[in-house]
1. Return a yes/no flag: does the range 119-141 have any residue that is acidic (Asp, Glu), over 17 Å from the mean Cα position of the chain (by Cα), modelled with pLDDT of 85 or more and assigned to a helix (DSSP H, G or I).
2. Let me spell it out: the conditions are (1) of a type outside the set (Phe, Trp, Tyr); (2) open to solvent by 80 Å² or more (accessible area, probe 1.4 Å); (3) at pLDDT 90 or above; (4) over 25 Å from residue 63 (Cβ atoms), and residue 158 meets all of them except one. Which number is the exception?
3. Is it the case that the range 61-75 has a residue that's in a helix (DSSP H, G or I), over 26 Å from residue 156 (Cβ atoms) and of a type in the set (Phe, Trp, Tyr)?
4. If a residue must be modelled with pLDDT of 95 or more and open to solvent by 50 Å² or more (accessible area, probe 1.4 Å), how many such residues does the range 83-96 contain?
5. Only one of these conditions is not met by residue 13: (1) open to solvent by 40 Å² or more (accessible area, probe 1.4 Å); (2) not hydroxyl-bearing (Ser, Thr, Tyr); (3) not in a helix (DSSP H, G or I). Which number is it?
6. Is it the case that the range 26-36 has a residue that's part of a strand (DSSP E or B) and modelled with pLDDT of 90 or more?
7. Answer yes if at least one residue in the range 45-57 is open to solvent by less than 30 Å² (accessible area, probe 1.4 Å), among the small types (Gly, Ala, Ser), farther than 25 Å from residue 155 by Cα and not in a loop (DSSP other than H, G, I, E, B), and no otherwise.
Amino acid sequence: LQENWGISLAVMVAEWRGEFARAVSILEPVPRDWLENFFYFGPTSFLTGWMRLRAGQVTAAETDFRHALRLIDSRLENTPNDLSLLYYKAEALRLAGRREEADKVYQRLCEIWPDTLARLTFEAPDQAVAHIRERLARGFNLGDWPPRWAFTAASLRLDPIFENARRDPGFAALVAAEEQREKREWAG
């Protein structure tokens, strides 16, 4: 399990640094089809495909996404409304350029998980920013995790999941407001 965490963390650090080829080199030798830990719960080939796509290895990424979709579909047969599986299926289809299929899965996901993180990538940038604002206003609680753990000023600036939202002109003001809120909270 520790190795599993280490792989996901190393990939995340490489991704946040923009070292996508390095992330691929970390993932390629992984013998498991599936990673399950705090940082990531999904097919290894989804991560490899995403990193290859970002590294400009489009054809190889498409192969990885096809493999990831086969793995996801196999698990969806037993748990057809699994939120994680539907999320990764929608994202794999979107990243593979299969937008019509991706949108259908995304709509299904929204029916059972209205607050899905997929809103950050599927919606227009202004709607993604509105979704972030809503989550910040609620304190973005996820089970037993500390409030706001996934939506800090640092994550807003660095986490690739927010790339779509960063295209909105209001995003910089959102980050600045979150930085000020964090400074006030930490000072008091």
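1. Yes, the range 119-141 has at least one match.
2. Every condition holds for residue 158 apart from (3).
3. yes
4. 1
5. Exception for residue 13: condition (3).
6. Yes, the range 26-36 has at least one match.
7. no
Table: residues versus (1) modelled with pLDDT under 90; (2) under 17 Å from the mean Cα position of the chain (by Cα).
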{"position": "148", "(1), (2)": "yes, yes"}
{"position": "163", "(1), (2)": "no, yes"}
{"position": "173", "(1), (2)": "no, no"}
{"position": "178", "(1), (2)": "no, no"}
{"position": "181", "(1), (2)": "yes, no"}
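The values are calculated or read from the model by the stated rules, or taken from the named source; none is laboratory data. These numbers were taken from a predicted model, which means no experiment stands behind them. With ideal geometry, Cβ positions are generated from the backbone for all residues, glycine too; neighbour counts draw on all protein chains shown. Heads up: the accessible areas ignore ligands, DNA and RNA and are worked out on the full protein's heavy atoms, side chains in. Shrake-Rupley method; radii C 1.70, N 1.55, O 1.52, S 1.80 Å.
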